[in-house]
Amino acid sequence: MLLGAMGAALLSSPTLQAADITMSASQARALGIETAAVQAASNVAGHAYPADVRVPPANETVLAAPVDGLIQQVRVAEGETVTQNQPIASLLSPGLVGLQRDYLEALATHRVAAQALERDRALAAEGIIAKRRLDESRGAYNQSDARLSALRQSLSLAGMSADGIDRLDQTRRIDAVLDLVAPRDGTVMERMVTAGERVDAASALVRISALDTLWLEVRLPVERLADVQAGDRVTVVDEAMQAEVILIGSRIDPDDQTVMVRARVDAVDGRLRPGQFLRVRLEGADQADLLRVPGNAVIRQGEAFFIFVATEGGFDALPVERLGEADGLLTIRVSDTGDQSQLSAGDHVAVDGVAAIKGAWQGMGGDE
């Protein structure tokens with residue numbers, strides 16, 4: 001009967017959207033309505049967003065075959081940790097043999113040209129030969145030196161180390177087998193070849209990644225984009241790890257209306273792995289406009305949640321998001337649905353008699 005009388009006396013919204021609910025203080029007391037103050041929420045766990053772990057491009061290196069050849073041996077497997085200059089594979093290459101032969105021929109020609117230049121310098125100083133002959137000797141020497149330098153560079157590009165080329169200078173021994181070494185410290189993420197396989201020059205053999213620093217790519221809803229900025233902290237759920245936002249994407253995914261937010265995490269120590277999916281909390285997005293109210297202040301209507309905020313003439317119904325509960329208090333954020341009243345710490349919300357307010361809001365009780 002009391003609800004029936006209130007239904008005639010109160011102004012309620014026929015649609016389930018936030019609307020003013022007119023109610024006097026005496027009416028509220030008659031209905032047993034009590035309120036409690038809204039509290040500020042700080043350092044609370046907000047919504048967790050999906051993220052995947054990726055290797056920064058600068059941390060990835062692909063070891064490629066410098067020349068054509070046959071893979072004789074592969075010395076590492078996927079998942080192994082390697083150090084810079086550690087042998088990775090052996091390559092048998094006829095092309096390398098030809099480069100070494102050309103280099104040794106150029107080395108012999110260069111030494112003859114050096115001796116001729118030295119001899120002609122001495123003869124020219126004594127006036128025995130003309131300056132023209134000395135110039136010819138110097139030109140031949142410079143030409144042989146340029147060819148030798150070019151072939152030495154070719155051997156280096158073919159994968160021979162400086163020490164290996166020096167040994168070739170000293171021993172004159174041609175070696176058809178080339179040891180390919182790791183270009184950096186890291187972990188073998190992928191092995192593309194096996195022993196006995198023929199490969200062309202520039203064929204990818206092994207991919208090595210440094211995993212001390214990784215990226216977390218978070219899919220953030222567009223409506224939360226304004227709450228995040230570069231430098232914000234990111235917390236990995238279930239891991240005592242912190243990351244830092246370094247990039248906010250400029251493209252919105254048309255399928256799910258999210259934006260990619262990239263964070264960098266250092267000193268991973270094997271706790272995260274590329275390709276891993278996990279959950280993270282963004283400090284900027286999660287802490288913005290968060291408040292706490294008693295759990296019984298929040299009602300459900302369909303798929304949405306509402307609270308009733310005390311005003312001078314009654315109550316306002318505000319849609320909210322529920323983000324977590326602890327010690328009987330719910331962490332909430334007012335939903336962004338357009339022209340809505342704002343909620344601040346210190347405002348009062350109904351905690352008892354909420355069903356009566358909901359009935360007046362819907363009109364004659366409505367659906368629960």
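Could you tell me which numbered condition Gly231 fails, if it satisfies all but one of (1) open to solvent by 30 Å² or more (accessible area, probe 1.4 Å); (2) touching a residue at least 24 places away in the same chain (Cβ under 8 Å); (3) at positive phi; (4) not aliphatic (A, V, I, L, M)?
Checking Gly231 against (1) open to solvent by 30 Å² or more (accessible area, probe 1.4 Å); (2) touching a residue at least 24 places away in the same chain (Cβ under 8 Å); (3) at positive phi; (4) not aliphatic (A, V, I, L, M), the one that fails is (2).
Just to be sure before I move on: is Val228 more than 20 Å from Arg333 (Cα to Cα) and touching a Gly at 6+ places or on another chain (Cβ under 6 Å) in the structure I sent?
no
Test each condition in (1) open to solvent by less than 40 Å² (accessible area, probe 1.4 Å); (2) closer than 27 Å to Val82 by Cβ; (3) not charged (D, E, K, R) for Thr194 and report the one that comes out false.
Going through the list (1) open to solvent by less than 40 Å² (accessible area, probe 1.4 Å); (2) closer than 27 Å to Val82 by Cβ; (3) not charged (D, E, K, R), Thr194 breaks only (1).
Quick grid of which residues meet (1) surrounded by fewer than 17 Cβ atoms within 10 Å (Cβ to Cβ); (2) modelled with pLDDT of 90 or more; (3) closer than 11 Å to Leu282 by Cα:
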position: Val237; (1), (2), (3): yes, no, yes
position: Met241; (1), (2), (3): no, no, no
position: Ile252; (1), (2), (3): yes, yes, no
position: Asp256; (1), (2), (3): yes, no, no
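Pull out all pairs, ordered by first then second residue, where Cβ-Cβ is under 9 Å, the residues are six or more apart or on different chains, the first lies in region 213-226 and is touching a residue at least 24 places away in the same chain (Cβ under 8 Å), and the second is among the aromatic types (Phe, Trp, Tyr).
Val218/Tyr49; Arg219/Tyr49; Leu220/Tyr49; Pro221/Tyr49; Arg224/Tyr49
All but one of (1) touching a strand residue (DSSP E or B) at 6+ places or on another chain (Cβ under 9 Å); (2) surrounded by 13 or more Cβ atoms within 10 Å (Cβ to Cβ) hold for Ala77; which doesn't?
(2)
Yes or no: region 149-164 includes at least one residue that is farther than 30 Å from Thr213 by Cα, more than 46 Å from the chain's Cα centre (by Cα), not aliphatic (A, V, I, L, M) and not in a loop (DSSP other than H, G, I, E, B).
No, region 149-164 contains no residue that is farther than 30 Å from Thr213 by Cα, more than 46 Å from the chain's Cα centre (by Cα), not aliphatic (A, V, I, L, M) and not in a loop (DSSP other than H, G, I, E, B).
Just one of the numbered conditions (1) within 30 Å of Ser24 (Cα to Cα); (2) open to solvent by less than 50 Å² (accessible area, probe 1.4 Å); (3) out of contact with any Pro (no Cβ under 9 Å at 6 or more places or on another chain) is not true of Arg262; which one?
Among (1) within 30 Å of Ser24 (Cα to Cα); (2) open to solvent by less than 50 Å² (accessible area, probe 1.4 Å); (3) out of contact with any Pro (no Cβ under 9 Å at 6 or more places or on another chain), the lone unmet condition for Arg262 is (1).
Do you know which residues across region 202-224 are surrounded by 15 or more Cβ atoms within 10 Å (Cβ to Cβ), over 17 Å from the mean Cα position of the chain (by Cα) and not β-branched (Val, Ile, Thr)?
Passing the criteria: Ser203, Leu205, Arg207, Arg224.
Test Ala36 against the criterion of being over 30 Å from Ile208 (Cβ atoms), in a strand (DSSP E or B) and modelled with pLDDT of 85 or more, and give yes or no.
Answer is yes for this residue.
If a residue has to be loosely packed, with under 14 Cβ neighbours inside 10 Å and either in contact with a helix residue (DSSP H, G or I) (Cβ under 6 Å, 6 or more places away or on another chain) or within 23 Å of Gln72 (Cα to Cα) (or both) to count, how many in region 134-166 make the cut?
Qualifying residue count for the region: 3.
Could you list all residues from region 111-123 that are open to solvent by less than 100 Å² (accessible area, probe 1.4 Å), closer than 23 Å to Ala146 by Cβ and not charged (D, E, K, R)?
Correct list: Val112, Ala113, Ala114, Ala116, Leu117.
This table checks each residue for (1) modelled with pLDDT of 95 or more; (2) out of contact with any helix residue (DSSP H, G or I) (no Cβ under 8 Å at 6 or more places or on another chain); (3) over 17 Å from Ser209 (Cα atoms); (4) not in a loop (DSSP other than H, G, I, E, B).
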{"residue": "His47", "(1), (2), (3), (4)": "no, no, yes, no"}
{"residue": "Pro50", "(1), (2), (3), (4)": "no, yes, yes, yes"}
{"residue": "Val62", "(1), (2), (3), (4)": "yes, yes, no, yes"}
{"residue": "Leu70", "(1), (2), (3), (4)": "yes, yes, yes, yes"}
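Which strands (runs of 3 or more DSSP E) sit wholly inside region 224-318 and have at least 2 residues that are under 22 Å from Asp212 (Cα atoms)?
Passing ranges, in order: 233-236, 242-252, 258-266, 277-282.
Among (1) surrounded by 13 or more Cβ atoms within 10 Å (Cβ to Cβ); (2) at pLDDT below 90, which single condition is Gly270 missing?
All conditions pass for Gly270, except number (1).
Please verify whether region 195-208 includes one or more residues that are in contact with a strand residue (DSSP E or B) (Cβ under 7 Å, 6 or more places away or on another chain), within 30 Å of Val259 (Cα to Cα) and of a type outside the set (S, T, N, Q).
Within region 195-208, one or more residues are in contact with a strand residue (DSSP E or B) (Cβ under 7 Å, 6 or more places away or on another chain), within 30 Å of Val259 (Cα to Cα) and of a type outside the set (S, T, N, Q).
Need pairs with beta-carbon distance below 6 Å; first residue among the hydrophobic types (A, V, I, L, M, F, W, C) and within region 170-197, second open to solvent by 80 Å² or more (accessible area, probe 1.4 Å) and not in a strand (DSSP E or B); sequence gap 6+ or separate chains.
Val181/Asn85; Ala182/Gln84; Val188/Glu78
The values are calculated or read from the model by the stated rules, or taken from the named source; none is laboratory data. Every value quoted in this text rests on a predicted model; they were computed, and no experiment measured them. When we count neighbours, we look across all protein chains shown, and the Cβ atoms used for this are built from the backbone with ideal geometry, even at glycine. Accessible surface areas use protein heavy atoms only, side chains included; no ligands, DNA or RNA. Shrake-Rupley method; radii C 1.70, N 1.55, O 1.52, S 1.80 Å.
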